[in-house]
1. Which of the residues spanning region 27-49 are at pLDDT below 90 and either exposed (fewer than 12 other Cβ atoms within 10 Å of the Cβ) or assigned to a helix (DSSP H, G or I) (or both)?
2. Considering 87, 120, which residue is modelled with pLDDT of 90 or more, part of a helix (DSSP H, G or I) and over 26 Å from residue 27 (Cβ atoms)?
3. Assess whether residue 117 counts as being out of contact with any His (no Cβ under 9 Å at 6 or more places or on another chain) and at negative phi.
4. Would you please name the residue that is nearest to residue 96 (Cα to Cα), looking only at residues in region 134-162 that are part of a helix (DSSP H, G or I) and in contact (Cβ under 8 Å) with a residue 24 or more places away in the chain?
5. Test of understanding: among 165, 109, which residue is over 20 Å from residue 23 (Cα atoms), under 15 Å from the mean Cα position of the chain (by Cα) and either in contact (Cβ under 8 Å) with a residue 24 or more places away in the chain or part of a loop (DSSP other than H, G, I, E, B) (or both)?
6. Among (1) surrounded by fewer than 20 Cβ atoms within 10 Å (Cβ to Cβ); (2) touching a residue at least 60 places away in the same chain (Cβ under 8 Å), which single condition is residue 17 missing?
7. Just to check your reading of the model, which residue among 140, 135 is within 16 Å of the chain's Cα centre (by Cα) and buried (at least 18 other Cβ atoms within 10 Å of the Cβ)?
8. Pairs, please: C-beta under 7 Å, at least 6 apart or cross-chain, first residue within 12 Å of residue 108 (Cα to Cα) and in region 77-92, second among the small types (Gly, Ala, Ser)?
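The values are calculated or read from the model by the stated rules, or taken from the named source; none is laboratory data. None of these values were measured; they are calculated from a predicted model. In this analysis, Cβ positions are derived from the backbone assuming ideal geometry, glycine residues included, and neighbour counts consider all displayed protein chains.
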Amino acid sequence: MTGRIHIYCGDGKGKTSAAMGLALRAAGSGMEVLVLQFLKDGSSSEFRSLAHVPGIKVVRHTRSFGFTWTMTQEQKAEARDYYTGLLESAFGQAPENGLLVLDEALGARSAGVLDEDRLLALLRGKPAGLEVVLTGRGPTQALLDAADYVTEMKKVKHPFDQGVRARRGIEY
């Protein structure tokens, strides 16, 4: 099987949910799956659930840098080094004929805390059978060009617009 590159992007709900659904589908078919989240603290419901599914390995990061918009340039540089190291490690651990989910990799790239050139190099050099999913907002044209699948989630209506906060089990 030839592994493809997927992008789930846009301003709508469902990017992470789609990626986690694909991870479940892949594991259910016997594929090995590795999931890594950027920018999030690993406490989301789907992330905790996936850790209990046979065939899925969840990589948790051990550092929190806070919100990217409050970081100093020095903190962003530190986060960039850390997240780029995690990215390289994930590609090193990924199953050759499995699935690698890089949740919020696009958001980390947009925020300046993930090196796009390194990401593109790793995508180009991935094992032929490795399927890779990238989620988040704001993919660059270079990332869109590298992808085989691009799905954009578009928000039409969302309770957040009426002041409803994110709800556990639904939004996280």
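1. The first filter runs over region 27-49 and keeps only residues at pLDDT below 90, leaving 39-49.
41, 43, 45, 46, 47, 48, 49, listed by residue number.
2. Numbers: 87 fails: over 26 Å from residue 27 (Cβ atoms).
One residue alone meets the criteria, 120.
3. Details: out of contact with any His (no Cβ under 9 Å at 6 or more places or on another chain): yes; at negative phi: yes.
Spelling it out, residue 117 is indeed out of contact with any His (no Cβ under 9 Å at 6 or more places or on another chain) and at negative phi.
4. Here the residue is 146.
5. Among 165, 109, only 109 is over 20 Å from residue 23 (Cα atoms), under 15 Å from the mean Cα position of the chain (by Cα) and either in contact (Cβ under 8 Å) with a residue 24 or more places away in the chain or part of a loop (DSSP other than H, G, I, E, B) (or both).
6. Every condition holds for residue 17 apart from (2).
7. Just one listed residue meets the conditions, 135.
8. If the second residue must be among the small types (Gly, Ala, Ser), the pairs left are 80/112; 83/108.
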